[in-house]
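Novice: My questions all concern the structure below.
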Amino acid sequence: MTGSTILVIDDDTIVRESIVTYLKGSGFKALEAENGQQGLHIFREHRPDLILCDLRMPIMDGLTMLSQVRSETSDIPFIVVSGAGVMTDVVEALHLGASDFLVKPIVDLEVLEYAINRALEKAQLLMENKRYRASLEKANNSLKSSLTLLEEDQKAGRQVQMNMLPGQPLEFQGFKVDHNIIPSLYLSGDFVDYFTLNDHSFAFYLADVSGHGASSAFVTVLLKHMSISLLQDYHAHGGKIRVKPSHVLNYINLSLLKTGLGKHVTVFGGIVNTRDQTLTYSFGGHFPLPIIAQGKEVRFLEGKGLPVGLFEDAVYEDAIIDLPQQFSLTILSDGILEVLPQKSLKEKEDYLLSVIREGADTVAALTEKLGLDGNQEAPDDIAMLILARN
């Protein structure tokens, strides 16, 4: 916690200056005042990270100073220093919101430094938790509002879904992720999302909820909520947790089963690591298989896994592939198979491979080539997500 600014308030000049000298020698920035009134002025002007204050002082004592500070903020840690014979004042100080107390004389200044570091770390943790709770509450309020709109109006619900989707393509260190969703009704059971995790990785997924309409759309809201919660947990731990797509699918699987909605989801999700130039992915019953293209070499990405939200004992596995300098990865929901004119599944799959081989490696190009522009009467929702590096 070195580099933090400490305000030292003590009417004893020798004691105050010795503490200030020690703190500066330990890497802290130090401000000083000889009474509470002067200290209050410095506090308001400089907003230090911590206040170290003697209780017994002329003009304005430590308790009055503490009371004034706490009336203006509860975030700044406040350590009181008291003589051994005035413990009743210490109790009062703690009641007013003091973070800690030390008994005079402070023989070992390392004890003082330890108390300061402990108070600063606690204050930092409390601040992070406060921000996390505020962020989570904001997300929950947004989701509650979304659910209300879905119940009131199908068209408004569609707009809410659009707002939950990524607003624009993700461009990250040469990679690009883009999507398109064509609902069969006002509300869609298909959903995509993508977001950065840290300075060298990002995640994406495409999910297809069983069924149609409001009930399926409701599950997409739950999926968004789960991804927000997982992402906030990840950042709350400093981004040090190792994220695996298989773990995320397992979490969603158990969460959906607990809801008792009777809905399941097919999912394909992946994480791109730009340091290792790899893609780690996991299947949750997704079909058709994603298509990876490198020049004229086009093939289905191998993998298997059970749908999410059906079986408690479902096991999901991760696969890792190296990413070439130029490629595209196209992920489609099974609604695309309903609109292709070919008769057999093999013919439909071959057609998709040929379309991408011919250069339909962007969302706009693929949408046009498959004739999906203005398609308002699809029998099933159609979603596409394309990850590419050109």
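Novice: Within a Cβ distance under 13 Å of A30, other residues only, what is the Lys/Arg minus Asp/Glu net charge? Before the final figure, lay out each step's value.
Specialist: Working: positive: R16, K24, K29; negative: D10, E17, E32, D49, E113.
Surrounding charge for A30 is -2.
Novice: Along region 335-349, what does the Karplus equation 6.51 cos²θ - 1.76 cosθ + 1.60 (θ = phi - 60°) give for ³J(HN,Hα), rounded to whole Hz, x for Gly and Pro?
Specialist: My calculation for region 335-349 gives x, 5, 5, 6, 9, 6, x, 5, 8, 8, 4, 4, 5, 5, 5 Hz in order.
Novice: Go from 0 up to the bin containing the longest alpha carbon distance in region 260-376, width 10 Å each, and give me the % of pairs per bin.
Specialist: Result returned by the calculation: 12, 38, 35, 14, 1.
Novice: Output the 0 to 90 degree angle, nearest 10, between the alpha-carbon long axis of helix 245-259 and the longest principal axis computed from the alpha carbons of the chain.
Specialist: 90
Novice: Work out the FRET efficiency for F287 and S229 from their Cβ-Cβ distance, taking R0 = 30 Å, and round it to the nearest 0.05. Present the calculation step by step, with values, prior to reporting the outcome.
Specialist: Values: r = 27 Å, r/R0 = 0.91.
Calculated value: 0.65.
Novice: Right, another one. Which one is right for this structure if semi-axes √(5λ) of the Cα gyration tensor in Å is calculated from it: (1) 60, 22, 17; (2) 35, 22, 22; (3) 30, 26, 19?
Specialist: Derived directly from the coordinates: (1).
Novice: From largest to smallest, what semi-axes in whole angstrom does region 218-273 give when each is the square root of 5 times an eigenvalue of its alpha carbon gyration tensor? Can you show the working numbers first?
Specialist: On the way: eigenvalues 93, 33, 18 Å².
Values for region 218-273, descending: 22, 13, 10 Å.
Novice: Give me the percent of the accessible area of the chain that comes from carbon and sulfur atoms, probe 1.4 Å, all protein chains in place. Intermediate results must be reported in sequence, preceding the final value.
Specialist: On the way: 9880 of 19330 Å².
In the chain, the share of accessible area belonging to carbon and sulfur is 51 percent.
Novice: How large is ³J(HN,Hα) for each residue in region 56-73, as worked out from phi by the Karplus curve 6.51 cos²θ - 1.76 cosθ + 1.60 (θ = phi - 60°), to whole Hz, x for Gly and Pro?
Specialist: For region 56-73, the Karplus-derived couplings read 9, 8, x, 6, 9, 7, x, 5, 5, 4, 4, 4, 5, 5, 5, 6, 9, 7 Hz, x marking Gly and Pro.
Novice: What pairs in K130/K224; K244/K304; K24/K130; K304/K346 have C-alpha atoms more than 20 Å from each other? Each step should come with its number before you reach the end.
Specialist: Values: K130/K224 22 Å; K244/K304 16 Å; K24/K130 30 Å; K304/K346 18 Å.
In this structure, K130/K224; K24/K130 lie more than 20 Å apart at Cα.
Novice: Check cross-link reach from K296 to the aspartates and glutamates: straight Cα distance under 15 Å, and skip same-chain residues fewer than eight apart.
Specialist: Candidates past the 8-residue exclusion: D350, E358, D361.
Novice: Under 19 Å between alpha carbons, and skipping anything fewer than 8 positions from K104 in its own chain: which lysines qualify?
Specialist: Here the lysines satisfying the reach criterion relative to K104 do not exist.
Novice: What residue among V363, L170, Y251 has its Cα farthest toward the positive end of the dipole of the chain, where the charges are +1 on Lys, Arg and -1 on Asp, Glu, each on the Cβ?
Specialist: Among V363, L170, Y251, the one farthest towards the positive end of the dipole of the chain is V363.
Novice: Ordered by residue, what ³J(HN,Hα) values in Hz, to whole numbers, does region 297-310 give under the Karplus form 6.51 cos²θ - 1.76 cosθ + 1.60, where θ = phi - 60° and Gly and Pro are x?
Specialist: 7, 10, 8, 7, 7, 6, x, 8, x, 7, x, 8, x, 10
Novice: Where does helix 13-25 land angle-wise versus the long Cα axis of the chain, in degrees 0 to 90, nearest 10?
Specialist: Helix 13-25 sits at roughly 30 degrees to that axis.
Novice: Calculate, for region 237-335, the solvent-accessible area per residue in square angstrom, rolling a 1.4 angstrom probe over the heavy atoms of the protein chains. If you can, show how the numbers build up before the last one.
Specialist: Working: 5050 Å² over 99 residues.
Value returned for region 237-335: 51 Å² of accessible area per residue.
Novice: If you don't mind, there's one more thing I want to ask. Using only alpha carbon pairs under 8 Å that are at least six residues apart, calculate the relative contact order of the chain and give it in whole percent. Present the calculation step by step, with values, prior to reporting the outcome.
Specialist: Details: 706 pairs, mean separation 49.3, N = 390.
Over the chain, the number comes to 13 percent.
Novice: On average, how much accessible surface per residue is there in region 1-54, in Å², for a 1.4 Å probe, leaving out ligands, DNA and RNA? Write out the running numbers ahead of the final one.
Specialist: Values: 2490 Å² over 54 residues.
For region 1-54, the solvent-accessible area averages 46 Å² per residue.
The values are calculated or read from the model by the stated rules, or taken from the named source; none is laboratory data. Note that the structure is a prediction, hence the values are computed from the model and not measured. So basically every Cβ, Gly included, is an ideal-geometry build from the backbone, and we count neighbours across all protein chains shown. Each accessible area value is taken on the protein alone, full model and side chains, heavy atoms only, with ligands, DNA and RNA left out. Shrake-Rupley method; radii C 1.70, N 1.55, O 1.52, S 1.80 Å.
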